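For reference, the structure is listed below as structure tokens.
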Amino acid sequence: MKIYHLFYITSLLINTACLEDRSFEIPFLKQQGLLIPDDQIVTIPALKMAWEQESNQELYPFLRLTQGYEDKFLEGYVISDDQQGNYYKAFFIQDDPESPQAGIKVLLDQTDISQRYDVGRRVLIQLSGLTVGLSSGVFALGLEDGGALSPVPTTHNGGVVQRDTLVSPISARTLNMENLGPQHTNMWIELSHTQFHRFQSLSLPPMTFAADAMDQYDGERWLEQCASGQYLVLKTSTYADFNTAVLPSDDFTIYGILQYDYFGEYFVLVINGPDDIVMGNSGRCDPLVLDCGPAPGLHPIVWGESFNQRENLSALMDSGWWAPDTNSEALLWSIGSYGGNKYLQITAEASDIALHESWLISPPLSKSVLGEILSIECDIQANFQRGIPLSFWITEQDPQDYSIDVQWDLLNYFIPNGPSDGFGDFKTMGPIDISCKTGETFYLGLRYKQRSVFDTTRYHIDNLRIRSP
């Protein structure tokens, strides 16, 4: 019995000692990533600064990365995703996943790039032999070829892009449209309380992202932010998987990469896919319009202006039309013609100021002459569409009476959309019921007002007419 007790006690002490030996802290495991010395890493802001300082922006807007870049690597985090076909042989990286200062477009002769370089992935790009410059207006990395940047072959220098094991969540930079600038291009941004313009998302049928008849290579749709009323183009490739999806009609928050259009002229936003549009619940923020209900049937024309009898704008003014003074001395309205047909024409391409505003107001129109039940129509051709600066108004006050503050009502209409790179087709706008205006005399007003310097859409307006039973 004593031997047994001694053996039991000895075993207990040994087991206790073993348990004490197993007591240890679990080490914190951290991804190390690619181990490249800090002095071999170049940041995107540093590379952009070197390009700005060393390149001749007018004569040769490129910087060839040769001497001094033999062992240098560009560091960045992927923010683009080409899985849904909205990017082709290019991907975008920014210098930090949370607080970026700069981004860059990387031209790579490869498709399905995101299968290897997914969003949030840290990448290191061997810079030796490459060139930085502009591609469609944004800072880009590629190979200089005949005065332009071209994609880098995947076999160049044995492969220039190194895929890290580090993946970080990408935080969008929250911005407002009125504050967007070149410094925000190539970065992942967020725009809240945004909607598609009512002429595109509430039309019948509503427009798609990039599958309408006027869409050739890209679809351009007009975003507007409720807080500022500013516009921004959403650009979608006609090859994107979601090109046939219908534009959402309500408000949303949208995430994407700020870029320029193909020619580098105006800002566009590009999304990775439909999931980058997160629907909200604040409702639309469209302007108030004069809503007299559905227009009456197709009745006889009781007043009209076809412009065919007007030799020029002066002749139109002599017939009672009037153009009040606005913020520009240039009167951009004119009488255009094509194929023997004349029409009213307006565009801000020749404007002498940044944000042009111009009105053209009809002669006084009398209900006692025209009738009590009235509707308005006209034919509109939208060309080289850059924004939607044209609007139609009505008032019962004399616009030439400077002793009063004339109150205008916005008519309830849908202006047809047109292509961004050519001439559209004439389409009828209306009929628009105006019977709920009770005054004896009224005036029609056409306003062309730019919200940005890129609002230069050219409109042809023809066959303005009023119908009544």
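Note on the stretch 38-167: percent of Cα-Cα distances in each 10 Å bin, starting at 0 and stopping at the bin with the largest distance, equals 13, 48, 34, 5, 0.
With 0.36 nm allotted per residue and the present C-alpha distance subtracted, the Leu59-Asp71 stretch has 1.5 nm of extension available. Normalised by the number of residues in the stretch 38-167, the mean separation of alpha-carbon contacts (under 8 Å, six or more apart) gives a relative contact order of 26 percent. Projecting the Cα atoms of Phe242, Pro274, Ile257 onto the charge dipole of the stretch 173-279 (Cβ charges, centred on the Cα centre) puts Ile257 farthest toward the positive pole. For the stretch 388-443, averaging the sequence separation of C-alpha pairs within contact (under 8 Å, six or more residues apart) and dividing by the residue count gives a relative contact order of 42 percent.
With Cβ to Cβ distances under 15 Å as the rule, what net charge do the other residues near Tyr88 carry (K, R +1; D, E -1)? The answer is -3.
Here the chain is treated with +1 on each Lys and Arg Cβ and -1 on each Asp and Glu Cβ, and its dipole about the Cα centre works out to around 860 debye. In the chain, with Lys and Arg counted as +1 and Asp and Glu as -1 at Cβ, which of these residues, Asn176, Leu124, Asn463, has the Cα nearest the positive end of the dipole, that is, farthest along it? Toward the positive end, the furthest listed residue is Leu124. Between helix 2-21 and the chain there is an angle of about 40 degrees, using the helix long axis and the longest principal axis of the Cα atoms.
Between the helical axis of 44-54 and the longest alpha-carbon principal axis of the chain there is an angle of about 60 degrees. Rounded to the nearest 0.05, the FRET efficiency derived from the C-beta distance between Asp241 and His299 at R0 = 41 Å is 0.30.
Please say if the chain is rounded, prolate or oblate, where rounded means a/c under 1.5 for a ≥ b ≥ c the square roots of the C-alpha gyration tensor eigenvalues, and otherwise the choice is prolate for a/b larger than b/c and oblate otherwise? Because a/c hits 1.5 or more and a/b exceeds b/c, the chain counts as prolate. Mean separation of Cα pairs under 8 Å and 6 or more residues apart, divided by the residue count, gives the chain a relative contact order of 12 percent. Other residues within the sphere of radius under 15 Å centred on the Cβ of Ala295, judged by their own Cβ, net out at -1 (K and R +1, D and E -1).
Extending 7 Å from the Cα toward the beta-carbon at both Met317 and Tyr88 defines two label points whose distance is 4.9 nm. State whether the stretch 273-429 is rounded, prolate or oblate according to the following rule on the C-alpha gyration tensor (a ≥ b ≥ c being the square roots of its eigenvalues): a/c under 1.5 gives rounded; otherwise a/b larger than b/c gives prolate, and the remaining case gives oblate. In terms of gyration-tensor shape, rounded. Given +1 at the Cβ of Lys and Arg, -1 at the Cβ of Asp and Glu and no other charges, the dipole of the stretch 173-279 around its Cα centre is 100 debye to the nearest 20. Which of rounded, prolate, oblate describes the stretch 173-279, given a ≥ b ≥ c as roots of the alpha-carbon gyration tensor eigenvalues and a/c under 1.5 marking rounded, otherwise prolate only if a/b is larger than b/c? Oblate shape, in that a/c is at least 1.5 and b/c is the bigger or equal ratio.
Taken together, the values in this text are just the output of simple stated rules run on the coordinates, not laboratory data. On a predicted model such as this, the values are computed, not experimentally measured, just so you know. Because the Cβ atoms are built from the backbone with ideal geometry, glycine has one as well, and the counts that use them run over all protein chains shown.
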